[in-house]
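Right, one structure below, let's go through it.
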Amino acid sequence: AQSVTQPDIHITVSEGASLELRCNYSYGATPYLFWYVQSPGQGLQLLLKYFSGDTLVQGIKGFEAEFKRSQSSFNLRKPSVHWSDAAEYFCAVNNAGNMLTFGGGTRLMVKP
Amino acid sequence: DVKVTQSSRYLVKRTGEKVFLECVQDMDHENMFWYRQDPGLGLRLIYFSYDVKMKEKGDIPEGYSVSREKKERFSLILESASTNQTSMYLCASSQLLGGPPNEKLFFGSGTQLSVL
């Protein structure tokens, strides 16, 4: 069975600083990987996805993620964080039945 | 834009009560899902449905049932609510399974259920 691990439960960064959120997956076949964001009081919104091809994928709101098969990782990055990026971020992997398995989430706080 | 609407934002129920959580989507999506969200555990799939009157168990179906009588509506039912079902419940919808991976779920804003 596939699984997703987000090692960091909470992360605090200063506004304008760079950000990297970690995601590790366990899945036997080629994974389909996703990052979702949940702003306070909202449902989840898709940030970006990786299916195949270029291992560096661009998403909305200035986010990008890099798929590294050798490390079973799909880390999310942003070069300069804005206060509005404070939210909870979820990594997910798609299984053979097209069901998503989510990681435990990372809550991002942004200091002024 | 797709809209997924959950009928209640907050709900407080007593142990043993029967609880209905309602979800409606307006984009004619075939698939609908119920997740529960708990701190540190992320989202866990309770049930999903890929067609009217069809349902499949997810990872944690125990203590829950679902109903899909119409394409746009997917209900989650707690037959006898217990305190360990206190959680945030998220409904989602998407297009057909199969073909390219089901990459985009559209989520409702969630229902925070407290069982006392």
- Message: Using a Cα-Cα cut-off of under 30 Å, which lysines could be cross-linked to B:LYS18, ignoring same-chain neighbours fewer than 8 residues away?
- Response: B:LYS3, B:LYS53, B:LYS55, B:LYS57, B:LYS70, B:LYS71
- Note on the structure: Among A:SER14, A:SER72, A:SER84, the residue with the largest mean-square fluctuation in a Gaussian network model of chain A built from Cα contacts under 10 Å is A:SER84
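Return the Rg/Rh value of chain A, two decimal places, where both radii are evaluated on C-alpha atoms and Rh is the Kirkwood radius. All intermediate terms of the calculation are to be shown ahead of the outcome.
Working: Rg = 13.4 Å, Rh = 14.0 Å.
Result for chain A is an Rg/Rh of 0.95.
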- For the stretch B:1-84, just list the percent of Cα-Cα distances falling in each 10 Å bin from zero outward, please. 17, 50, 30, 3
- Query: Tell me, in nm to one decimal, what length is gained between B:THR86 and B:SER114 on full extension, where the rule is 0.36 nm per residue of separation less the Cα-Cα distance?
  - Reply: 9.6 nm
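What per residue convex hull volume, in Å³, do the alpha-carbon atoms of the protein assembly as shown yield? List each step's numbers first, then the result.
Working: hull volume 27.8 nm³, N = 228.
So the per-residue Cα hull volume is 122 Å³.
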- Long-range tail of P(r) for the stretch A:1-63 (Cα pairs > 17 Å, %): 54 percent
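Using only Cα atoms, figure out Rg for the stretch A:51-112 and give it as a multiple of 2.2 N^0.38 Å. Write down the numbers at each step before the final one.
Working: Rg = 13.3 Å, N = 62, 2.2 N^0.38 = 10.6 Å.
The reported ratio for this selection is 1.26.
From Cα pairs below 8 angstrom and at least 6 apart in sequence, can you work out the relative contact order of chain B, rounded to a whole percent? Display every interim value, and only then the final one.
Working: 302 pairs, mean separation 41.5, N = 116.
Normalised by residue count, the contact order of chain B is 36 percent.
Every read-out reported here was derived from the displayed coordinates using simple, explicitly stated rules and does not represent laboratory data. As the structure is a prediction and not an experimental result, all values here were calculated from the model.
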